[in-house]
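The values are calculated or read from the model by the stated rules, or taken from the named source; none is laboratory data. Keep in mind the model is a prediction, meaning the values are calculated, not measured. With ideal geometry, Cβ positions are generated from the backbone for all residues, glycine too; neighbour counts draw on all protein chains shown. Heavy atoms of the whole protein, side chains included, go into the accessibility calculation; ligands, DNA and RNA do not. Shrake-Rupley method; radii C 1.70, N 1.55, O 1.52, S 1.80 Å.
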Amino acid sequence: MSKKWDYTSTAQKFSAKFPVLSYLGIQINFWIIASVFLSILLHLQALSISETSQLSSPTRFDNTLALSIMFGFFYGIILGLTDQYLDKNLHEKHSMGRIILVKSTISLILIVLTLILIRYTFLDFFITTSNFGDNLKANDKSWKYLFYILAIYYFAMTLIISFINQVNRKYGPGVLVPLLLGKYKYPQEEERIFMFMDLKSSTTIAEKLGHIKYSSFIRDSFMDINQILLRFNAEVYQYVGDEIVVTWRVPDGLRNLSCIRFFFGCEKQFQDRAHYYMTNYGLLPHFKAGLHMGKVTAVEIGDIKRDIAYHGDTLNTAARIQSVCNEHQKNFLISAYLLESLAPNHNIKTENIGMILLKGKSTKVGILSVEGIQPDTLNKIT
């Protein structure tokens with residue numbers, strides 16, 4: 001039986017391996033569609049004017065179409081690379097309002113420069129096939145009005161596409177399209193892996209740092225965790241105070257032990273940034289985690305604020321497993337059910353905790369502590 005293709009999973013894998021290329025591909029597609037749409041409108045308007053005014057036929061549509069596709073392609077690359085640079089260098093240092101202002105200003109400058117380039121490089125070539133092309137070339141005033149139309153349209157589309165990018169970033173790669181198609185309008189059963197990660201000694205750290213600096217500490221910790229999500233095919237489900245809930249589709253989480261390696265990947269990320277944390281806070285973040293898998297239902301909820309929510313005993317069990325980490329003085333606990341689903345030769349060092357009756361549960365759950373993982377397994381590319 002052939003395996004069912006999953007758009008979201010494919011998009012996330014591609015984004016993990018080729019983040020810049022993935023982002024550029026989205027931008028190029030958006031801008032080609034926007035440019036082609038405008039060229040159709042302008043051509044229909046030209047046809048209407050030619051019929052009304054009894055003029056010769058306007059510029060051939062295939063020329064206009066080629067110009068719009070070329071513009072969309074190059075503008076998508078330029079703006080995509082600019083956005084990537086600004087997001088990488090401004091996101092942590094400036095407010096969203098300032099970032100939007102900088103992006104809008106740069107976009108407007110790029111639009112003007114690109115249109116000027118088209119005017120004096122490509123436009124005359126593409127309209128010479130028109131029967132009234134000479135008149136259009138000689139009339140700078142007509143170009144001025146066309147320039148205004150193009151500048152306003154592309155600036156407006158820049159704002160719209162930036163908004164779409166922000167929505168796409170909120171839900172993660174590959175989620176927006178299924179959401180628009182109504183996949184989660186009604187409850188959908190899925191099998192997923194959930195990891196609940198909670199900051200260790202959070203009360204002590206909060207008292208030491210003070211609530212403002214503590215919030216900065218949490219923000220930086222979560223930002224570092226976010227840096228490695230795609231590398232391990234992981235998605236953030238939600239943030240709750242100093243806790244982060246991460247999820248995987250079962251095939252993505254089990255492949256190459258991604259759901260196990262992710263926890264140690266986070267620890268390595270914090271170690272790599274040890275100088276920053278020690279300089280600014282005098283300590284490193286350490287998390288405790290609980291991991292479990294099982295069936296859940298996914299559904300779009302809310303009206304004023306919409307989101308995709310997961311419901312089911314799987315989440316409750318994962319949260320309860322994490323809650324007993326301190327009791328057993330362990331950092332990373334997983335269910336026996338999940339461990340049994342891993343490949344036989346998984347190279348994971350575990351310690352059996354036993355059958356535990358978790359709070360709110362009527363039956364005991366087998367729990368193990370993950371003590372370590374071989375370095376070559378940790379560095380394995382997903």
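Observations on the model:
- In region 278-299, the residue that is surrounded by the fewest Cβ atoms within 10 Å (Cβ to Cβ) out of those that are more than 19 Å from Pro251 (Cα to Cα) and out of contact with any helix residue (DSSP H, G or I) (no Cβ under 7 Å at 6 or more places or on another chain) is Thr279.
- Check on Val365, at pLDDT 90 or above, over 25 Å from Arg249 (Cβ atoms) and β-branched (Val, Ile, Thr): no
- Figure legend. Inter-residue proximity from region 327-343: first residues open to solvent by less than 30 Å² (accessible area, probe 1.4 Å), second residues hydrophobic (A, V, I, L, M, F, W, C) and outside any strand (DSSP E or B), beta-carbon distance below 7 Å, spacing 6+ or different chains. Indicated pairs: Phe332/Phe263; Leu333/Ile321; Leu333/Val324; Leu333/Cys325; Ser335/Ile321; Leu342/Leu254; Leu342/Leu257.
- For region 240-275, the set of residues classified as charged (D, E, K, R), touching a helix residue (DSSP H, G or I) at 6+ places or on another chain (Cβ under 8 Å) and part of a strand (DSSP E or B) consists of Arg249 only.
- Entirely in region 294-356, the strands (runs of 3 or more DSSP E) that have 2 or more residues that are outside the structural domain of Arg249 (by the TED database), among the basic types (Lys, Arg) and more than 20 Å from Phe262 (Cβ to Cβ): none
- Beta carbons closer than 9 Å, at least 6 apart along the sequence or on distinct chains, pair a first residue in region 155-175 that is over 14 Å from Ser22 (Cα atoms) and among the small types (Gly, Ala, Ser) with a second that is part of a helix (DSSP H, G or I) and at pLDDT 70 or above for Ser162/Asp83; Ser162/Lys103; Ser162/Ser104; Ser162/Ser107.
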